[in-house]
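Data first, discussion second: the structure below is written as structure tokens.
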Amino acid sequence: MTKKVVLKVGFHGEKGRKHVLKAVSKVEGVDEVAVDVEKGTLTVIGKVDAVCIVNRLRKCGHTVEIDSVGPPPKPPEKPAPPPKEEKKPPPPPPCCRPCPPPCPPYPSPCYEYETAPCSIM
């Protein structure tokens, strides 16, 4: 489970900040690291144990205290986009000329023989 761990770390200057960031970023499960130099705090977000971070920093020679451990902040929710109005396609243009009338029916051919049909007798 992802956690937000806030630690009070004793470091001085830019070199100390870089050293802390480098040490903590190597810990497995760390997703995000933030350092506040003015307050002297280190914020770590990820699937990591706070004790592992403290041990890593103490091995590097920093004084560390756990300030808080809790759930990570929820990302801000984006407002739902307004529904889009569906545009109806324009009606087809009127015909330029009227349709021709249908063709007249053709008479069926009549096959009447004028003479008698051929016989073999």
Search result, residues across segment 1-17 that are surrounded by 16 or more Cβ atoms within 10 Å (Cβ to Cβ) and either hydrophobic (A, V, I, L, M, F, W, C) or in a helix (DSSP H, G or I) (or both): 5, 6, 7, 9, 11, 16, 17
Filter segment 2-58 for residues that are aliphatic (A, V, I, L, M) and in contact (Cβ under 8 Å) with a residue 60 or more places away in the chain; which is nearest to residue 72 (Cα to Cα)? 5
Can you report the number of residues in segment 66-77 which are surrounded by fewer than 11 Cβ atoms within 10 Å (Cβ to Cβ), not in a strand (DSSP E or B) and not charged (D, E, K, R)? 4
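Residue by residue, here is whether (1) among the hydrophobic types (A, V, I, L, M, F, W, C); (2) over 21 Å from residue 1 (Cβ atoms); (3) exposed (fewer than 10 other Cβ atoms within 10 Å of the Cβ); (4) under 39 Å from the mean Cα position of the chain (by Cα) holds:
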| position | (1), (2), (3), (4) |
| --- | --- |
| 56 | no, no, no, yes |
| 64 | yes, yes, no, yes |
| 79 | no, yes, yes, yes |
| 82 | no, yes, yes, yes |
| 85 | no, yes, yes, yes |
In contact with a strand residue (DSSP E or B) (Cβ under 9 Å, 6 or more places away or on another chain), assigned to a strand (DSSP E or B), among the hydrophobic types (A, V, I, L, M, F, W, C) and surrounded by 10 or more Cβ atoms within 10 Å (Cβ to Cβ): which single residue out of 20, 51, 44, 27 fits that description? 44
Do we find a residue being among the hydroxyl-bearing types (Ser, Thr, Tyr) and within 16 Å of residue 22 (Cα to Cα) anywhere in segment 64-74? no
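Each reported figure results from applying straightforward, stated rules to the coordinates on display, with no laboratory input. Just so you know, these numbers come straight off a predicted model, no measurement behind them. Heads up, the Cβs are rebuilt from the backbone with ideal geometry, glycines too, and the neighbour counts pull from every protein chain shown.
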